[in-house]
Amino acid sequence: MRAMIVGEWGEPADLHLAELPDPQPKVGTVAIDVEAIGCNFFDILMVQGKYQVRPPLPFAPGGEIAGSVRAVGDGVGHVKPGDRVFAMLGWGGYASVAIAPAAGVVQMPASMSFEHGAAFGIVYQTSYFALVHRTTLRPGETLLVHAAAGGVGLAAVQIGRALGARVLATAGSAQKLAVAREHGAEEAFDYSTPEWVDRVREATGGRGADVIYDPVGGEIFDLSTKCIAFGGRLLVIGFASGTIPTIAVNRILLKNISIVGLHWGAYRTHDPDKIPQATQELFALYEKGAIRPVVSSVHPLTEAAAALAEISSRKSYGKVLLRP
C-alpha cells in the first residue's frame with residue numbers, strides 16, 4: 001500500500017509518500033481498498049499536532065474515505081468483501097488501503113459515487129445533527145448559514161432547505177456567494193464587512209434569523225447576536241477564524257436566545273444509535289436529490305499538501321478530495 005505519512009509534527013508540506021505492507025483487519029475492523037479520500041481542516045491540525053487527538057507517530061492523516069471492502073475482521077457482519085462503502089475513521093485515510101472501525105463503515109447506496117461517498121460522511125452528519133437534534137429547525141423558519149460555501153456550510157444549506165426552512169447565507173467572495181445560492185440559499189451576503197448584519201435584518205423584515213449556523217467564531221459570532229430573532233438559536237459548530245469568542249450573557253437574557261453547541265464526534269460515545277438513524281435519513285434525502293455533495297477539486301494522493309493548502313487558504317468550496 002501507498003500512504004502519505006506524518007513522521008514528526010509539522011506542516012502538510014512535510015508529508016511524505018511511503019510504501020508499506022498491506023494492513024490486515026483485526027477484530028471489529030474493516031480493510032478497505034480506497035478509491036476516494038475526503039480532506040478536512042482537522043487533518044491540518046492533526047499533522048501539526050494541534051488536534052485534540054494526537055496519533056502515535058508515524059501515521060497517515062485522513063478521517064473519511066470511500067472504496068471497496070477488501071477484508072473484514074472477526075465480529076464484523078454488516079459488510080463483506082466487495083461491498084461499496086464509505087467510512088469515518090480517526091486517521092489513516094491518506095492511503096491506498098485503510099483500516100476502519102466497523103462502526104464507522106457504511107454501505108453506500110448504489111447511486112452514490114465513490115467521490116460523493118468520501119464527501120458525504122462528516123459534513124452531512126455534522127449539519128444534520130446540528131439542525132435536527134440540536135436546534136430542531138422547523139419548516140418556515142429562517143436559517144442563516146455562515147461560511148456557506150464550505151463543506152459543513154453547504155451541507156447545512158442543503159439540509160436546511162430540505163427541512164423546509166428559508167435559508168440565508170454568508171461567505172467571503174463573490175464566487176462562494178454564487179455557490180451558496182446555486183445550492184439552496186435564497187439570499188447571500190459578503191461577511192468580510194459588518195454590513196451583512198443589516199442585510200440579514202432587511203431580509204427578515206427586522207426580525208432576524210431563527211437559527212444561525214456558525215462554524216467561524218470570532219467576530220462573526222459576536223455580530224450574529226445582533227441579527228438573531230427573539231427566541232432564536234445560535235449554533236456553535238467550530239472556530240475556523242482561529243478565535244474562540246465569548247459573549248456577554250445579558251444578550252442571551254434580553255433576547256431569550258439559546259447558544260447551542262455541537263460536537264458530533266461525542267455522539268459516537270454518548271448516543272451512538274442516533275448516527276445510523278441519521279445516515280438512513282440522509283440517504284433518503286440523497287436519493288431524492290435534495291442533498292448532493294459539492295466537490296471543488298480532486299488531487300492525486302501525492303498532492304495531499306496542495307489539497308490541504310486549498311482548505312487552509314480558503315480557496316476551496318465544498319469538499320476537496322484525494323484519489324490514491
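The values are calculated or read from the model by the stated rules, or taken from the named source; none is laboratory data. Here the structure is a predicted model, which is why all the values come from computation and not from measurement. Glycine gets a Cβ as well: all are built from the backbone with ideal geometry, and neighbour counts include every protein chain shown. The protein model used for the area step is the full one, side chains on, heavy atoms only, and it has no ligands, DNA or RNA in it. Shrake-Rupley method; radii C 1.70, N 1.55, O 1.52, S 1.80 Å.
A few notes on this one:
- The condition of being of a type in the set (Lys, Arg) and modelled with pLDDT of 95 or more holds for only one of Lys315, Lys255, Lys319, that being Lys319.
- Counted residues, the stretch 44-67 - those being assigned to a loop (DSSP other than H, G, I, E, B), under 20 Å from Thr126 (Cα atoms) and open to solvent by less than 10 Å² (accessible area, probe 1.4 Å): 3
- Here the stretch 239-261 is the region considered, the condition is being touching a Phe, Trp or Tyr at 6+ places or on another chain (Cβ under 8 Å) and under 17 Å from Ala147 (Cα atoms), and the residue that is least open to solvent (accessible area, probe 1.4 Å) is Pro245.
- Selection within the stretch 68-91: residues that are under 20 Å from Phe283 (Cβ atoms) and of a type in the set (Lys, Arg). The member of this set that is most open to solvent (accessible area, probe 1.4 Å) is Lys80.
- Residue check for Ala110: on the phi < 0 side of the Ramachandran plot and open to solvent by less than 10 Å² (accessible area, probe 1.4 Å): no
- Among the residues of the stretch 96-105, some residue qualifies, meaning at least one is surrounded by fewer than 19 Cβ atoms within 10 Å (Cβ to Cβ) and in a helix (DSSP H, G or I).
- All told, Asp198 falls short of being of a type in the set (D, E, K, R), over 21 Å from the mean Cα position of the chain (by Cα) and surrounded by 21 or more Cβ atoms within 10 Å (Cβ to Cβ).
- Test: residue in the stretch 214-224 that is closer than 30 Å to Lys315 by Cβ, part of a strand (DSSP E or B) and open to solvent by less than 30 Å² (accessible area, probe 1.4 Å): yes
- Any hit, the stretch 161-183, residues being free of Cβ contacts under 8 Å to residues at least 24 places away in the same chain, in contact with a strand residue (DSSP E or B) (Cβ under 7 Å, 6 or more places away or on another chain) and open to solvent by 20 Å² or more (accessible area, probe 1.4 Å): yes
- Number of the condition not met by Pro276 [criteria: (1) open to solvent by 40 Å² or more (accessible area, probe 1.4 Å); (2) part of a loop (DSSP other than H, G, I, E, B)]: (2)
- The set of residues in the stretch 71-87 being closer than 14 Å to Gly28 by Cα and in a strand (DSSP E or B) consists of Ala71, Val72, Ala87.
- Within the stretch 76-125, being of a type in the set (S, T, N, Q) and over 21 Å from Val47 (Cβ atoms) holds for Gln107, Ser111, Ser113, Gln125.
- Subset of the stretch 1-43 that is open to solvent by 30 Å² or more (accessible area, probe 1.4 Å) and in a strand (DSSP E or B) - its residue that is nearest to Gln125 (Cα to Cα): Glu35
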